[in-house]
Amino acid sequence: MPNSLSRGVFNLFWGSKRRAFAALPGPPPGVLGTAGDFLEGTQPWNVCARYGREYGGVTLIWMGPTPGLVLNDPTLIEQVLDSRRLEFEKGSLREELRPTTTEHSLFIAKQSEDWGTKRKADPFVQGWSPTWLAAQVAPMRASVERSVDALLASGKSVDLAPVMRRLTFDAFAVAGFGETPPDSLYEDFMLLAKGADARIQAKLPLKFVSMPEGFEAARERFYRFFEEKLAALRRSPRPEAMDLMSWMLREMPGHDDAWLARHVALMFYGGAFSASTTLVGVFHQLQKHPDAEARLAAEATAFAGGPSTLERLDDAPWVEAVTLESLRILPAVRLFTRSPVNDVQLAGVTMPAGATIMISNQFLHRDPKHWANPDVFEPARWLDGGKARDPIGSGHFFPFGRGPRMCVATDFAMVFLRTAVATIAARARVQVASTEPFQEGFFFGVVLPQGVDTTFVAR
């Protein structure tokens, strides 16, 4: 908290501006406003959750002399992310990610420009998408099995987060273009992600942020890989192939090859980090709850004993419950930011254009007024109507965001996560060395579990 001198300086210069927001609770600002709370080493989602406990659904913050809001109120969050979403944009994130992604990215598209057009054209919302998705259970299961078998063969203790990231990347590749990717593609993917992360976490203007050595060459290689894959498919089509690239070639003839190739490439940035973090959360929590782990192993073994179909995956309710509970208690994406396009009325005050609005799901996912035993990993809460009471994207459960700008690949992510959880649990006992809360870093906008030492033991 700023000292009295710092608070006095703020009031001297900006006290009159502060009076216009006197109705809103929040920490007293100092020379830097309240930005110091977000600069002192505490992760921003923890600051937002603390504000929810201390100040309620709305907290007034100050980024220097500019007011902002932290929202922990489901109604206001719904307005910003859904019913009034056209009044807000993603702000600086667009520029932070631009060098790593491309102009084809739906994630960074502006609502006021071409977001609507891009979303209608996105492969994940096409009429054929559910059929394609159902066909991915078997190939993704096979990919995960290969990854787990390699871990079992090594017998080594591993840091779980990077291992799950590579497992996820490989499964996405099989779903995206039908092959296990080469190591070089993954290396380029990670280098581009590091460049974006440097910009996301920069404390300086972006023009002063240097990209990693070899960034431009890696970018050219990464996207050329997908263009060459698509060109090869043009020359030798695979009419029966089930991967996304083949399906897009058959079903989306009106789009040029660069558009098609880039959409397959961008699916990795859309979900590889968040999905792998969720898998870490699943097995870290299960280590603390042996009964839940034993029930998962039994159901997963039954799934592994038959055909890999979506129908059979849907008949594995404990697999889904474990996945949903991990998304609740340890969501991979915990912070969403927006900025008003123009001055707007929100929470009873006028927020200026460009102001920072922070939304975190961490407090609401553990709100004791809504959830029983909110800090305890209890997959059973999702059975017997629990999923209907708190569907993905609702007021107290939005691990993928809310409203029309919720992750367009949510359905794909859930099928992958359930497939991966079932396949890993059937094949191996994932022994996490410590059940203490893991250190949470931040990478590419996603929570990064650190130092989760793990051994894979064959069932």
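If I filter region 367-389 for residues that are surrounded by fewer than 19 Cβ atoms within 10 Å (Cβ to Cβ), assigned to a loop (DSSP other than H, G, I, E, B) and basic (Lys, Arg), do I get at least one hit? Yes, that holds for at least one residue.
Could you check region 266-331 for helices (runs of 4 or more DSSP H) lying wholly inside it with 3 or more residues that are touching a Lys or Arg at 6+ places or on another chain (Cβ under 7 Å), at pLDDT below 95 and closer than 19 Å to GLY385 by Cα? Lay out the reasoning, then the answer.
Numbers: elements: 290-304, 310-314, 317-329.
Helices (runs of 4 or more DSSP H) meeting the threshold: none at all.
When LEU448 is tested against (1) surrounded by fewer than 23 Cβ atoms within 10 Å (Cβ to Cβ); (2) under 21 Å from the mean Cα position of the chain (by Cα); (3) of a type outside the set (Asp, Glu); (4) over 25 Å from VAL148 (Cα atoms), exactly one condition is not met: (4). Of all residues in region 403-440, those being in contact (Cβ under 8 Å) with a residue 60 or more places away in the chain and in contact with a strand residue (DSSP E or B) (Cβ under 8 Å, 6 or more places away or on another chain) number 10. Cβ-Cβ contacts under 7 Å between residues 6 or more apart (or on different chains), taken from a first residue in region 334-355 that is more than 30 Å from LEU448 (Cβ to Cβ) to a second residue that is of a type in the set (Asp, Glu) and assigned to a strand (DSSP E or B), are listed as VAL341/GLU89.
When you check ALA109 against the structure, is it buried (at least 19 other Cβ atoms within 10 Å of the Cβ) and either more than 29 Å from ALA217 (Cβ to Cβ) or in contact with a Phe, Trp or Tyr (Cβ under 7 Å, 6 or more places away or on another chain) (or both), yes or no? Please lay out each step first, then the result.
Working: buried (at least 19 other Cβ atoms within 10 Å of the Cβ): yes; either more than 29 Å from ALA217 (Cβ to Cβ) or in contact with a Phe, Trp or Tyr (Cβ under 7 Å, 6 or more places away or on another chain) (or both): yes.
Answer is yes for this residue.
Of these, TRP128, TRP132, which one is over 21 Å from the mean Cα position of the chain (by Cα), crowded, with 19+ Cβ neighbours inside 10 Å and not polar (S, T, N, Q)?
Details: TRP128 fails: crowded, with 19+ Cβ neighbours inside 10 Å.
Of TRP128, TRP132, the one residue that is over 21 Å from the mean Cα position of the chain (by Cα), crowded, with 19+ Cβ neighbours inside 10 Å and not polar (S, T, N, Q) is TRP132.
Taking residues in region 281-296 that are basic (Lys, Arg), and partners anywhere that are part of a helix (DSSP H, G or I), the pairs with Cβ atoms closer than 6 Å and at least 6 places apart or on different chains are ARG295/TRP318. Filtering LEU39, LEU24 for residues that are out of contact with any Cys (no Cβ under 7 Å at 6 or more places or on another chain), exposed (fewer than 15 other Cβ atoms within 10 Å of the Cβ) and in contact (Cβ under 8 Å) with a residue 40 or more places away in the chain leaves a single hit, LEU39.
The values are calculated or read from the model by the stated rules, or taken from the named source; none is laboratory data. Since we're looking at a predicted model, the values are computed, not measured. FYI the Cβ positions are ideal-geometry reconstructions off the backbone, even for glycines, and counts take in every protein chain you see.
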